[in-house]
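The values are calculated or read from the model by the stated rules, or taken from the named source; none is laboratory data. Everything numeric in this text was worked out from a predicted model, so none of it was measured. Note that we place each Cβ from the backbone using ideal geometry, even for glycine, and neighbour counts take in every protein chain shown.
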C-alpha cells in the first residue's frame, strides 16, 4: 500500500492529527512567549515607578517624569530587574536632572499633546533603594550592571512592563 493510499484510507484521522498538532504547537509557542506571568498588553508604553523607596512599584505613563506626586509622596522611576528563577526587584530609583525637568516643563507648555525632547532620554540621577545619596550618570553611559542578590556571579536583566505589572520586593 502506497503512502497516498494510506492517506486516502485514513483521511479523517490524518486531518484531525494535523489540526491537533498545529494547535499544540501554537499553545506551546504562546506559553513560551508569555512567560510565567503572561503578557499584560495594557502595560505597553508604561514604566515602573516607586513611591516608597523601592519596596513596591507600580506602572505609570513615562510622560509623568521622575519624580512626580503620587498620592502625596514623590514617585521615582524604578529600575526593576529579575534574576533567573527569581522575583523581580527594584535595583535603582532614578530621577531626571533639574535641566531635564525644566526642558520637560517647557516642552509640555509648548505642546500639550506630550511630545517632549526628554522622552526617550534616560533619567540622569540614580540611587539604590535604602540609600540617601543620588549619583549622576553621564549621558549615554547607561545604568550600571546589576548583580543578583542571591548570586553575585549572575547579572540581573531588566524586567519588562509587558510581563511584570506591579509588585513588592522582599
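Which residue out of 81, 96, 76, 92 is modelled with pLDDT of 85 or more and farther than 14 Å from residue 158 by Cα?
Values: 81 fails: farther than 14 Å from residue 158 by Cα; 96 fails: modelled with pLDDT of 85 or more; 92 fails: farther than 14 Å from residue 158 by Cα.
76 is the lone residue from the list that is modelled with pLDDT of 85 or more and farther than 14 Å from residue 158 by Cα.
Using beta carbons and a limit of 8 Å, which pairs, at least six apart or on different chains, have the first residue in segment 24-51 and closer than 9 Å to residue 161 by Cα and the second one loosely packed, with under 14 Cβ neighbours inside 10 Å and modelled with pLDDT of 65 or more?
Taking only residues 6 or more apart or on different chains, the pairs are 45/61; 46/61; 47/61.
Hey, any hits in segment 155-165 for a residue that's at pLDDT 65 or above, in a loop (DSSP other than H, G, I, E, B) and farther than 16 Å from residue 83 by Cβ? Before the answer, list the steps.
Residues of segment 155-165 at pLDDT 65 or above: 155-164.
Filter once more, so that each one left must be in a loop (DSSP other than H, G, I, E, B): 156, 159-164.
Right, trim to farther than 16 Å from residue 83 by Cβ and you get 161-162.
The answer is yes, given that some residue of segment 155-165 is at pLDDT 65 or above, in a loop (DSSP other than H, G, I, E, B) and farther than 16 Å from residue 83 by Cβ.
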